[in-house]
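Q: First the structure, then my questions, so here it is.
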Amino acid sequence: MNVKLIKKRIKKIAFYVFIFYFNLIFIILTQSNTWGQVNLDFIKQLYQQGKYGELIEQLASHQDNKNPLIHEYLASSYEATGQLNSAIFHWKKARQVYEQHHNVNKVVKLKLIQAQLEIETGDPQEALHLLQQVPELVEAVALKGNALLVLGEYQKAIAKFDTALQQVFDPDVRLSLLSNLSQAYQKNTLRLKQQQELLLPNNTTESQQLARAVLENQQLAKTTANQAWQLAQTFNQPNYSTARAWLTWLPYLSKEKQQETLTKVETALSNLPSTHQTVMLWLNLADIIDHQEPITQANAIAQTLNDYQGMAIAKRKLGHYFETQQQYPLALAYTQEALKYAHAQLAHEQLYRTSWQKARIYEAIGEKKAAKLAYEQAVYSLNRIRNKLISASKNIQFNFQKEVEPVYRNYLSLLLENPTSKNLDTVTQVFDLLQLSQLENLFQDSCFDESDRGIEPSEILQKNKIAVINTIILPNSLHIIFRLPQGNKYHIQQNITSQQLNHKIEEWKTNLFKVTTNDYLTSSQYFYDLLLSPFEHKFPSSKVKQLLFINDGLLKNLPMSALYDRKKQEFLIEKFPISNNLGQQFITNSSDIESPVIAFGLTESRPPINKSLPNVTNELQEIKNIWGGNTYLDQEFTRERFIEILKTQRPQILHIATHGIFTGVSETTYLQSYDQIIDLNDFDDLLQRHTNLSLLTLSACETATGNEKAVLGLAGVAIKQGIPNTLGTLWQVQDNVSARLIRQFYQNIENNIPPVKALQLAQLRELENISQHPRSWAAFLLIGT
């Protein structure tokens, strides 16, 4: 074959190869613009014009398309219209395609976008999980800060934002970081203030440290907000970051300067694209200046976008605005509309807020039946989002006392206006839900599973002849629900305001500490008459053998054993064994108590409390003499040793004689070991391993007496871990008194006497033989049945 012929054939083959690749490239290019009969140029045009609804409609039949660009356009459009869960779905779809084609850069980018949306939809843990899968880029560091901010981990968030700021020079990114950093400092300030309020009165050192930290964080929040504001001034064209920076700085301005700046802010917001993000910025402005106009603007944009989430929030806020103006027909109309859009999304967080608002409006216009139904819906929706509330409760933006507790309290108030037998049943259920929510708010975890209940509480109460006194404190009255062992319920309303009641409680607590006088007696008699006198005539016929108090508010912190019957001239503990609990749903059957026992004790003065407990040595020795088992004193009671012992041993009785503080806030609730403190979360985690624990004794601890949530920490440990009996103290008792009473308590239990009766006999022995003054013996309370 000659050379010319070979060259001719090579040219021919090359031509066909060229034609083949030309056709292949043509097909790829065509598919990138008209993929599966989708014209992406047209879709791009719709997106650029802000026609998100039309774009979504055009692509509705292409949800399963393999072109990642389709999913990116859908995700972006859903995001712009506030449909964030749908946006996440399509970002995932796009990412899966890129993963199949090993496009690492695109995968990382989409994980970052999804992480931000997970944060916005209230799932910061999922965001952190995603961010662990990407390189430690500055964007990832910043997003970790955002997630930690939502989780309430403010110090960690601040560290992340600081790290990111050191690495980034892009003005837009820096602007966002500065705004977020300022917000983190603001929230940390509020957290520190809360901790300061809950400290014990004598803890001046820590109080001063917290006061300095509050001032420092306040100043840093303002300085950082000002830096963001200054940087925003350098931008020629306003965008989302500049708008956020202005909104962050606005609250720091005086009313006059705020008014001057407001026009600029409103102009900037008006020039932003019509998106869900713009809707939320207008609503943020409304929260700052408390005006109707920004809400109206937000509502108009949301309606244009068909943004159900934006409309649900905007219309609820419009309803609230008119509620505050007492224009109830308008308030109700907007609230009903908001409910419609919240129902359409099954958005239970919006449903509870809006149903609560609806209930308040109906109450204001005298429609009590409609208000009751609205409260039922609010409580139902609250129950549906319990896990979300747990994760959000560490975030100061979500304030349990302002945004959750009032729903239950208002509903209780309405039900108690007509205390029928049916309503009283509902009252006890709603009160139990309130207590459960408070527990979960403290522990940041689900505390109680009804499936673990075992015997029904009503059976336990009837079998043991236990009468229940359930107090409920409302702003203008105290309600007492008395339940006999057979189940009959009685109700009485005492006309005393919560403020007056708290004053009486504080007065009694003050007098209880005056050991050289009987000043406490007047208050002891007053509270006996207030809580028990209306029902005591029912005790004999019902053969009541024990009293169980389920108290509300600061009444939880009062020693019920020291109530005094002026007629018979005897303390309540002389009549009945007394136990305490947080609600009827937490009542469990008490099991027999046997060895082994593990006891820990601290005698030496150690920081941060720096008080010695010399008689703890005798206390632990007495316990060992009665029960055997192992004891760990002083240097043997380190945090590491404590954790090691509880991980490897399975005692039925756990006795801890050391300083402990229960404040109702996990950060300031702890036990003191020899070398460092053991915080509430550590202690709680360790107890999870001990399902067979029958008795927990904390013999030298104290609660923050002025804090109504303080006993929650003590009771919560018992309830969360299913410990049937927990013995603690309301205030710190002299350690020689504690050692004596504890010894008698354990001797009684060793003689097969139930814990509640064992405590009564130990207190009576102290009262009869040592001192009638309740300062020494009334501090001990048993949580259980």
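The values are calculated or read from the model by the stated rules, or taken from the named source; none is laboratory data. Predicted model, so just to flag it, every value in this text is computed and none were measured. Neighbour counts are summed over all protein chains in view; Cβ atoms, including those assigned to glycine, are modelled from backbone coordinates with ideal geometry.
Q: Scan Glu118, Glu139, Glu79 and give me the residue that is farther than 19 Å from Gln309 by Cα, touching a residue at least 24 places away in the same chain (Cβ under 8 Å), acidic (Asp, Glu) and assigned to a helix (DSSP H, G or I). Walk me through it before giving the result.
A: On the way: Glu118 fails: farther than 19 Å from Gln309 by Cα; Glu79 fails: farther than 19 Å from Gln309 by Cα.
Criteria check complete, one pass: Glu139.
Q: Has segment 525-546 got at least one residue that is at pLDDT below 90, within 34 Å of the chain's Cα centre (by Cα) and either among the small types (Gly, Ala, Ser) or within 17 Å of Ile505 (Cβ to Cβ) (or both)?
A: No, segment 525-546 has no match at all.
Q: Filter segment 244-265 down to residues that are without any contact (Cβ under 8 Å) to a residue 24 or more places away in the chain and within 18 Å of Leu281 (Cβ to Cβ) and give me whichever is nearest to the chain's Cα centre (by Cα). Don't jump to the end; show me each part of the working.
A: Just the residues of segment 244-265 that are without any contact (Cβ under 8 Å) to a residue 24 or more places away in the chain, to begin with: 246, 253-257, 259-261, 263-265.
Applying the additional criterion that residues be within 18 Å of Leu281 (Cβ to Cβ) yields 246, 253, 261, 263-265.
Numbers: Trp246: 30, Leu253: 31, Thr261: 36, Thr263: 37, Lys264: 37, Val265: 34 Å.
Looking at the filtered set, the residue picked out is Trp246.
Q: A further question on this structure: Among the listed residues Gln233, Gln219, identify the single one that is modelled with pLDDT of 95 or more and either of a type outside the set (S, T, N, Q) or out of contact with any helix residue (DSSP H, G or I) (no Cβ under 8 Å at 6 or more places or on another chain) (or both). Walk me through how you get there before you give the answer.
A: Working: Gln233 fails: modelled with pLDDT of 95 or more.
Unique residue meeting the criteria: Gln219.
Q: Same structure, new question: Name every residue in segment 142-175 that is small (Gly, Ala, Ser) and crowded, with 21+ Cβ neighbours inside 10 Å, in order of residue number. Write out each step before concluding.
A: Initial filter on segment 142-175 (small (Gly, Ala, Ser)): 142, 145, 147, 152, 157, 159, 164.
Listed by number, the residues that qualify are Ala142, Gly145, Ala147, Gly152, Ala157, Ala164.
Q: A follow-up question, please. Going by the structure shown, is Leu389 at pLDDT below 75, surrounded by 19 or more Cβ atoms within 10 Å (Cβ to Cβ) and outside any loop (DSSP other than H, G, I, E, B)? Quick ask: steps written out before the conclusion?
A: Values: at pLDDT below 75: yes; surrounded by 19 or more Cβ atoms within 10 Å (Cβ to Cβ): yes; outside any loop (DSSP other than H, G, I, E, B): yes.
It is true that Leu389 is at pLDDT below 75, surrounded by 19 or more Cβ atoms within 10 Å (Cβ to Cβ) and outside any loop (DSSP other than H, G, I, E, B).
Q: Find the residue count for segment 251-296, including only residues that are in a helix (DSSP H, G or I) and either under 23 Å from Ala87 (Cβ atoms) or hydrophobic (A, V, I, L, M, F, W, C) (or both).
A: Qualifying residue count, segment 251-296: 18.
Q: Now for a different question. Given (1) of a type in the set (S, T, N, Q); (2) more than 23 Å from Cys701 (Cα to Cα); (3) not assigned by TED's automatic domain parsing to the domain that holds Lys465, where does Gln569 come up short, assuming only one miss?
A: Result: Gln569 fails condition (3) only.
Q: For residues that are farther than 22 Å from Leu149 by Cβ and part of a helix (DSSP H, G or I), scanning just segment 176-204, find the one that is modelled with the lowest pLDDT. Explain how you work it out, then say what you get.
A: As a first pass, look at segment 176-204 and keep what is farther than 22 Å from Leu149 by Cβ: 197-204.
Add one more test, that the residue is part of a helix (DSSP H, G or I), and what stays is 197, 204.
On the way: Glu197: 75, Thr204: 71.
Here the residue is Thr204.
Q: Just checking, how many residues over segment 757-773 are crowded, with 24+ Cβ neighbours inside 10 Å and not small (Gly, Ala, Ser)?
A: Of the residues in that region, 3 qualify.
Q: Can you name the helices (runs of 4 or more DSSP H) wholly within segment 668-785 that have at least 2 residues being touching a Lys or Arg at 6+ places or on another chain (Cβ under 8 Å) and modelled with pLDDT of 80 or more? It would help to see each step written out before you state the result.
A: On the way: elements: 680-687, 710-720, 735-750, 755-769, 774-777.
In segment 668-785, the matching helices (runs of 4 or more DSSP H) lie at 735-750.
Q: What are the pairs, 6+ residues apart or on separate chains, where a residue within segment 756-768 that is more than 18 Å from Thr785 (Cβ to Cβ) has its Cβ under 8 Å from a residue that is of a type in the set (Ser, Thr, Tyr) and modelled with pLDDT under 95?
A: If the second residue must be of a type in the set (Ser, Thr, Tyr) and modelled with pLDDT under 95, the pairs left are Glu766/Ser776.
Q: Moving on. Are any residues in segment 50-80 surrounded by fewer than 20 Cβ atoms within 10 Å (Cβ to Cβ) and either touching a strand residue (DSSP E or B) at 6+ places or on another chain (Cβ under 6 Å) or polar (S, T, N, Q) (or both), and if so, which ones?
A: Once the filter is applied, which keeps residues that are surrounded by fewer than 20 Cβ atoms within 10 Å (Cβ to Cβ) and either touching a strand residue (DSSP E or B) at 6+ places or on another chain (Cβ under 6 Å) or polar (S, T, N, Q) (or both), segment 50-80 yields Gln58, Ser61, Gln63, Asn65, Asn67, Ser76.
Q: From the residues in segment 299-320 that are touching a Gly at 6+ places or on another chain (Cβ under 8 Å) and among the small types (Gly, Ala, Ser), which one is nearest to Tyr362 (Cα to Cα)?
A: That would be Gly310.
Q: Quick check on segment 611-646: of everything there that is touching a Leu at 6+ places or on another chain (Cβ under 8 Å) and closer than 22 Å to Val733 by Cα, which residue is modelled with the lowest pLDDT?
A: Ranking the qualifying residues of segment 611-646, first place goes to Leu613.
Q: Looking for whichever is at pLDDT 95 or above and not charged (D, E, K, R) here; the options are Gln336, Gln350. Which one fits?
A: Values: Gln350 fails: at pLDDT 95 or above.
Exactly one of Gln336, Gln350 is at pLDDT 95 or above and not charged (D, E, K, R), namely Gln336.
Q: Pairs only if they're at least six apart or on different chains, beta carbon under 8 angstrom, first in segment 329-345 and in contact (Cβ under 8 Å) with a residue 12 or more places away in the chain and under 11 Å from Tyr308 (Cα atoms), second surrounded by 14 or more Cβ atoms within 10 Å (Cβ to Cβ) and of a type in the set (D, E, K, R); list them, first residue then second.
A: Pairs found: Glu337/Lys315; Ala338/Lys315; Ala338/Arg316; Leu339/Lys358; Tyr341/Lys315; Ala342/Arg316.
Q: Further question on the same structure: Just for segment 549-577: of the residues that are in a loop (DSSP other than H, G, I, E, B) and polar (S, T, N, Q), which one is surrounded by the most Cβ atoms within 10 Å (Cβ to Cβ)?
A: Once the filter is applied, the top-ranked residue is Asn551.
Q: While we're on this one: Quickly run through segment 138-172 and pick out the residues that are more than 24 Å from Leu192 (Cβ to Cβ) and either charged (D, E, K, R) or in contact with a strand residue (DSSP E or B) (Cβ under 9 Å, 6 or more places away or on another chain) (or both).
A: Result: Glu139, Asp170, Asp172.
Q: A follow-up question, please. On the basis of being over 21 Å from Gly145 (Cβ atoms), hydroxyl-bearing (Ser, Thr, Tyr) and assigned to a helix (DSSP H, G or I), does Ser207 make the cut?
A: On the way: over 21 Å from Gly145 (Cβ atoms): yes; hydroxyl-bearing (Ser, Thr, Tyr): yes; assigned to a helix (DSSP H, G or I): yes.
For Ser207, the condition - over 21 Å from Gly145 (Cβ atoms), hydroxyl-bearing (Ser, Thr, Tyr) and assigned to a helix (DSSP H, G or I) - is met.
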